[in-house]
1. So if we plug the beta-carbon distance of His116 and Val175 into 1/(1 + (r/R0)^6) with R0 = 25 Å, what FRET efficiency do we get, rounded to 0.05?
2. Along its three principal axes, how long is the stretch 6-73 when you only count alpha carbons? Whole Å, largest extent first please.
3. To check my understanding: the extent here is largest minus smallest coordinate of the Cα atoms along each principal axis. What are those three numbers for the stretch 1-143, in Å, largest first?
4. How would you classify the stretch 137-236 from its alpha-carbon gyration tensor, with a ≥ b ≥ c the square roots of the eigenvalues: rounded for a/c under 1.5, else prolate if a/b is greater than b/c, otherwise oblate?
5. Thinking of the stretch 153-209 as a set of Cα atoms, what percent of all their pairs are more than 13 Å apart?
6. Can you give the relative contact order of the chain as a percent, counting alpha carbon pairs under 8 Å and 6+ residues apart?
7. Suppose R0 equals 22 Å. What FRET efficiency, 1/(1 + (r/R0)^6) with r the Cβ-Cβ distance, do Gln160 and Asp185 give to the nearest 0.05?
8. Counting only pairs 8 or more places apart or on different chains, how many lysine pairs in the chain have C-alpha atoms closer than 30 Å?
Amino acid sequence: MKNTYRFFVAPGALAAELIEVSDSDLLHQWHSVLRLRPGQQIALLDGGPEGVIAELVSLSKRAASLQVVSRYPAGGEPRIQVWLYVALARGERFEWVLQKGTELGAHGFVPLYTEHTLTDRVSTAKTERWQRIIREAAEQSGRSQLPQLLPPQTLAQSLQQSSGGLFLSEGQATVALKQALQQLDPAQPLKLWSGPEGGWSSAEMAQAQQAQLTLTTLGPRILRAETAPVAALAALMYAYDEWQLDSL
């Protein structure tokens with residue numbers, strides 16, 4: 001199915017054998033962008049344990065009907081759950097983190113307002129754009145579930161219900177990432193905090209220490225704010241996911 005278009009539909013939509021779709025974004029993509037036609041087959045996912053191969057019966061700008069041809073076990077999800085708590089960044093940098101983080105297997109994203117965050121408050125339109133970026137990245141990369149995107153929050157808010165995690169820091173790290181990975185329990189959700197372009201403030205560093213996060217570093221080189229969380233996520237996936245040929 002590597003060359004088959006994949007799309008996410010509403011949860012529970014795949015229960016029926018004849019699937020009705022009214023999502024305007026999907027319909028625009030199918031009808032006006034990809035110019036799909038009745039008779040073509042595509043893969044559909046709804047976040048459940050199964051995906052389907054479905055054949056287009058009818059398609060217009062307002063509605064589509066698809067007949068299920070076959071069902072298959074949905075895959076593409078890592079064995080570990082990683083939450084990325086990422087400081088908001090300007091321009092397309094944060095969007096890049098969402099896209100690459102989704103491809104690598106992040107379970108969810110939490111945008112952070114920090115003392116050095118140089119961006120405006122997040123609008124509804126921007127949140128909707130981020131959701132589209134996540135969905136498209138999940139479809140492209142063969143995920144079977146859409147990563148969650150929580151509302152933006154401050155660092156203090158993100159730490160209120162924290163039970164440990166990794167806190168990327170340039171100056172006051174207590175342990176190297178390679179060593180920190182050996183101390184994690186991959187059976188539990190893993191949480192990773194990554195800071196803004198200007199770095200964490202001293203007050204934010206103190207908050208992380210009080211929350212008993214593990215202050216860790218990615219090494220002697222200073223990475224951009226959008227590079228650090230993606231690099232750390234790749235390391236987590238390499239350490240705990242099934243990155244080997246017999247799992248493919």
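1. It comes to 0.60.
2. Cα spread of the stretch 6-73 along its principal axes, largest to smallest: 30, 21, 17 Å.
3. 53, 35, 25
4. In terms of gyration-tensor shape, rounded.
5. Within the stretch 153-209, distances greater than 13 Å cover 63 percent of Cα pairs.
6. Normalised by residue count, the contact order of the chain is 20 percent.
7. 0.55
8. 8
Values quoted throughout were computed directly from the atomic coordinates according to the rules given, and no laboratory measurement underlies them. Note that the structure is predicted; figures quoted are calculated from it, not measured. Cβ sites come from the backbone with ideal geometry, for glycine too, and all protein chains shown count toward neighbours.
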